[in-house]
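All remarks here apply to the structure that follows.
Bear in mind these aren't lab numbers, they're just calculated from the coordinates by the rules spelled out. Quick caveat: nothing in here was measured; it's all calculated off a predicted structure. Neighbour counts run over all protein chains shown; Cβ positions are idealised from the backbone, glycine included.
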């Protein structure tokens, strides 16, 4: 039986879903075991004793990151040549990014973008190109900064992990090669247009690709610095950045919205030799509050206002 035929069988989809459900249950069980070992009273105590200037600095970094990411679709405006205003574009991107962080990419990063941009008069082809470029900007920044961090600062990983320090070096080299390949294609490739699910996508010019790299890398670094500001003094910025980038891989594999629980588990396992677990967890809870949950309230408010005014929006001709 060919793989194509197998994928068409009714029970095959249920089997894949059951396998994913079992995997997520296993992750939840492991997280619950870890949670039982945490002194939660100490976590709460740490949270309530953060200096005001630390919280304000972290909030400022979070705002800078959200503002920067909200500018990613402005690259898409330059790339596609559509005529929406910068404020409209950044509002859509902000809503979608925050919903993506908290609810997952299919709901926030994709579905909301199509809904909001079509309401503003853009067609599906233009929206697809905008989304594609924005995703490329984010992940180009990730592969370049993660590749660099994994090469220059490979963490001491737990002995029971399937990857060791040498393996992390290798992953870093592969990521850097992927980023460099994309930039090289944008600079030198004679073939500029590719077809993806019926949509024609063109490679951006080298200047735009470099801008993607700078913006993407900067955003990941700002996010890392935001977490670092909330961490105990014994933890270095470069270790926080490397651990966060490593946690992204774990979150990507598990498909948990917002890496909920996964981010915390990776930080505790990886950096517990540098700081007490309750201090690490307190920093991550504060980070979620500042970077995920407060912006979610703001994004939801803006989105509800957008829905309320939907009938007043005049589609762009």
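Observations
- Number of positions in the stretch 111-122 that are assigned to a loop (DSSP other than H, G, I, E, B) and either more than 19 Å from residue 75 (Cβ to Cβ) or under 20 Å from the mean Cα position of the chain (by Cα) (or both): 1
- When residue 75 is tested against (1) under 22 Å from the mean Cα position of the chain (by Cα); (2) within 23 Å of residue 298 (Cα to Cα), only condition (2) is not met.
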